[in-house]
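Report on the structure given below.
The values are calculated or read from the model by the stated rules, or taken from the named source; none is laboratory data. Predicted model, so just to flag it, every value in this text is computed and none were measured. Cβ sites come from the backbone with ideal geometry, for glycine too, and all protein chains shown count toward neighbours.
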Amino acid sequence: MSDTNKKTQLSELGEFGLIDHLTKNIEIKNNSTLKGVGDDAAVLSYPDKKIVVTTDLLTEGIHFNLMYTPLKHLGYKAVVVNLSDVFAMNAIPRQITVSMALSSKFSVEALDELYAGINSACEKYGVDLVGGDTTPSLTGLTLSITAIGEATEEDITYRSGANVHDLVCVSGDLGGAYMGLQLLERENEVFKVNPNEQPQLEGYEYILQRQLKPEARGDVVELLKKLGIKPNAMIDISDGLSSDLMHICKNSKVGCNIYEDKIPLDMQTKQFAQELNINPLVAALNGGEDYELLFTVPLKHYDTIKKEFDFTVIGHITEASEGTNLITTGGSVIPLQAQGWNPLKNNS
């Protein structure tokens with residue numbers, strides 16, 4: 001009988017054996033990593049640099065559903081969402097730590113899949129995995145990743161630097177991740193009713209990728225530096241355009257006007273939104289998880305920014321007294337509302 005599908009129980013390795021198993025192939029990429037996995041703490045060296053640190057916690061049943069989320073994709077995405085926060089500070093990620101609480105339903109082979117995604121993201125973005133922790137859980141999986149990055153003091157960009165008359169710019173397109181989630185949820189409901197029904201996913205590969213395997217926009221940071229442009233304020237779009245733009249405006253003590261017809265939407269996003277009778281603008285404003293960069297730059301850079309196909313100028317910064325507004329194609333002024341992802345909000 002073949003044992004290719006044999007599942008190795010975590011108890012067979014124990015905590016330290018599991019750590020050794022998951023980290024045995026790690027190779028250090030950055031000079032700033034003096035000591036990675038294998039001691040009581042990692043040792044990092046950053047002469048003449050500022051350090052940025054960010055952490056995200058992903059919990060099964062809240063942030064992801066393993067009915068349709070492959071573990072390899074989950075590992076990759078868990079790294080990316082943290083690196084995106086580092087890039088949003090106009091910094092370069094160098095190291096991550098990985099901690100997880102997991103139940104006995106997970107085998108060693110399942111964690112190998114998870115770590116294959118984690119390691120793939122580390123390779124793509126050139127970061128070192130330097131530590132973490134594992135602990136038992138009574139139910140499900142909780143995954144916590146901390147990312148550490150570096151930047152010179154003059155390069156770091158905060159949410160609080162937007163100025164009146166700045167251009168409001170965004171990379172890529174918006175709403176795709178939300179529509180990908182709607183597609184996966186729809187097909188999961190069909191599966192619950194009829195497990196033999198094949199999922200109808202054809203033609204929507206892009207929005208599925210946007211949800212399951214997003215990318216962090218380090219290329220945007222590199223391009224802006226190449227163009228000689230430092231954003232006055234920047235944030236990654238994790239909670240939806242409305243919520244994240246309002247974060248910039250609140251921290252910068254300014255207002256904004258953005259224009260409905262300028263918000264970039266992919267064709268698949270619009271097609272599936274139409275199929276579900278959803279306004280794609282709602283997906284862009286409130287959906288979140290796009291992990292594009294939203295930033296403001298001085299008006300003098302307009303001619304440079306507009307030549308870049310991956311950047312879209314969607315509006316401008318105003319006085320705080322004017323509020324934060326969406327200007328519709330018909331010319332109506334609608335105040336923006338923070339209706340993006342908020343897991344702790346009472347929606348009853």
Segment 302-315, subset in a strand (DSSP E or B) and not hydrophobic (A, V, I, L, M, F, W, C), residue surrounded by the most Cβ atoms within 10 Å (Cβ to Cβ): Gly315
Residue that is farthest from Val53 (Cα to Cα), among those in segment 119-152 that are among the hydrophobic types (A, V, I, L, M, F, W, C) and surrounded by fewer than 22 Cβ atoms within 10 Å (Cβ to Cβ): Leu138
Test result for Leu265, surrounded by fewer than 18 Cβ atoms within 10 Å (Cβ to Cβ), assigned to a loop (DSSP other than H, G, I, E, B) and touching a residue at least 60 places away in the same chain (Cβ under 8 Å): yes
Filter pass, Gly176 being in contact with a helix residue (DSSP H, G or I) (Cβ under 6 Å, 6 or more places away or on another chain) and under 23 Å from His63 (Cβ atoms): yes
Any chance Ser104 is part of a strand (DSSP E or B) and surrounded by fewer than 17 Cβ atoms within 10 Å (Cβ to Cβ): no
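Looking at Leu114, Leu74, Leu57, Leu143 in this structure, which one is under 22 Å from Lys213 (Cα atoms) and either modelled with pLDDT under 95 or assigned by TED's automatic domain parsing to the domain that holds Met234 (or both)?
Leu57
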Exclusive hit being touching a helix residue (DSSP H, G or I) at 6+ places or on another chain (Cβ under 8 Å) and not basic (Lys, Arg), set Pro335, Pro280, Pro298: Pro280
Top-ranked residue of segment 287-316 - restricted to ones that are modelled with pLDDT of 95 or more and farther than 19 Å from Val220 by Cβ, ranked as farthest from the chain's Cα centre (by Cα): Lys300
Tally, over segment 270-301, of residues that are crowded, with 22+ Cβ neighbours inside 10 Å, in a helix (DSSP H, G or I) and not aromatic (Phe, Trp, Tyr): 5
Residue tally, condition more than 24 Å from Gly176 (Cβ to Cβ) and in contact (Cβ under 8 Å) with a residue 60 or more places away in the chain, over segment 298-324: 13
